[in-house]
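Accompanying notes for the structure given below.
Values in this text are rule-based calculations from the coordinates and carry no lab data. Since the model is a prediction, treat every value here as computed from it, not as a measurement. Heads up, the Cβs are rebuilt from the backbone with ideal geometry, glycines too, and the neighbour counts pull from every protein chain shown.
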Amino acid sequence: MEKLTSCPVCLGEKFKEVLSCTDYTTTKEEFVICQCSDCSFRFTNPRPDINESGKYYQSEDYISHTDSKKGLLNKLYQIARDYMIATKYKSTVKKYNAKSLVDYGCGTGDFLKYCIDKGHSAIGLEIDDSARKIALNKGCKEVYEPSHLSNISSDSADIITLWHVLEHIHDLHPTVKHFNRILNANGTLVIAVPNHESHDAKYYGKYWAAYDVPRHLYHFNVASMTRLMSDEGFKLIETRTMRLDPFYIALLSNKYQSGGMNPIKAIYIGLVSNLKTLFNIRNSSSIIYIFKKQ
Ligand SMILES: [Zn+2]
């Protein structure tokens, strides 16, 4: 374990413990979440260091990287994913007229392949060996380990996308610096992460599934995300919600809280979360942040 003595976003040294959460998917260990007094960023602390984090991803329940079709939740996840891929593409790559793409944390390559099929040049970076192989087998030709980031030429990409990935990355500032270097002057950076100020996060508290400790090292809100990116030379130009996320998160949170998924309750919580988001993006379960270089 490594214990952080300063905030990973603003480097401030004042923070307090706000929650203790359980790792429900693998080890059942408890992890403390701290909140920075300066920038309101939340981070898992202590956290697994980069060499021991692998064991926390060893779970059949951890479906983000697999194409398993077993079980109701996985089936729902697959249907939702196909819908989300098309939505993600239209609202980012297409909307911002991007030709060349880097998808950081491409998983099994579904979004990457979708973009390639639409005629884009696309590089995928993925830490998981088996996910990388699946992406290559799907026909994504350029899929590398994340360390390849430093080999990508400066000013070479129109858009960089991270779909629920930034919260997993140990080297936060150095990685974002690379994004700035790789993007061309009019480039677009797209970052989707859970939002700990959302309606569903407040409702479920320590049972909120998107805390997902210790895989999620970081827990962003609008203020801390904006702070991190402005320190690295990006300005926020748009925020968007992900309408299916609160339903999925509520199903999992119900399971953690009471042992059952309780779909009726999950639908209700998801609907309220979406309704509140219509009035303020800060209620959104997950937020897609879209940045341009300053
Ligand atoms: Zn801070």
*For each of R282, R47, count neighbouring Cβ atoms within 10 Å of the residue's Cβ, then give the residues from fewest to most.*
R282, R47
_What distance in nm separates the two pseudo spin-label positions at I267 and N137, each 7 Å out from Cα along the beta-carbon direction?_
3.6
*Relative contact order for the chain: what is it in percent, counting Cα pairs under 8 Å that are at least 6 residues apart?*
18
*Kyte-Doolittle cut-off 0.5, length cut-off 18 Å along the helix's own axis using Cα: show which whole DSSP H helices in the chain pass.*
263-279
*Sort out for me the Cα centre separation of the stretch 100-136 from the stretch 2-42, rounded to whole Å.*
31
*Just check the chain against the gyration tensor rule for me: Cα atoms, a ≥ b ≥ c as the square roots of the eigenvalues, rounded for a/c under 1.5, and otherwise prolate or oblate depending on whether a/b exceeds b/c.*
rounded
*Within the stretch 1-41, which GluC sites (Glu not before Pro) sit in a loop by DSSP and count at most 16 neighbouring Cβ atoms inside 10 Å?*
E13, E29
*Given a Förster radius of 22 Å and the C-beta distance between S150 and I237 as r, what FRET efficiency does 1/(1 + (r/R0)^6) yield to the nearest 0.05?*
0.25
*Under-5 Å amide H pairs with L19, H placed in peptide plane, nonlocal only*: I33
*Can you tell me the Rg and Dmax of the stretch 153-236, counting just the alpha carbons, in angstroms?*
14.0, 44
*Could you order peptides 284-291, 199-206 by the average number of other Cβ atoms within 10 Å of their residues, highest first?*
284-291, 199-206
*Set K55/K206; K95/K118; K99/K141 screened for pairs whose C-alpha atoms are more than 20 Å apart*: K55/K206
*Efficiency of FRET between N74 and V18 - r from beta-carbon atoms, R0 45 angstrom, step 0.05*: 0.90
*Would you please give the residues with an amide H less than 5 Å from that of E2, counting only those at least 5 places away or on a separate chain, with H modeled from the backbone geometry?*
R47, D49
*Just rank M261, M242, M229, fewest to most, by other beta-carbon atoms within 10 angstrom.*
M261, M229, M242
_Under the Karplus curve 6.51 cos²θ - 1.76 cosθ + 1.60, θ = phi - 60°, whole-Hz ³J(HN,Hα) for the stretch 143-151, x wherever Gly or Pro sits_ = 10, 10, 5, x, 5, 5, 3, 6, 8
*List the trypsin sites (Lys or Arg not before Pro) within the stretch 1-42 that fall in a DSSP loop (any state other than H, G, I, E or B) and whose Cβ has at most 13 other Cβ atoms within 10 Å.*
K3, K14, K28
*Residue-span extension gain [K28 to K206] - 0.36 nm each, minus C-alpha spacing*: 62.7 nm
*asked:* Rounded, prolate or oblate for the stretch 148-294? Axes are the square roots of the Cα gyration tensor eigenvalues, ordered a ≥ b ≥ c, and the cut-off for rounded is a/c under 1.5.
replied: prolate
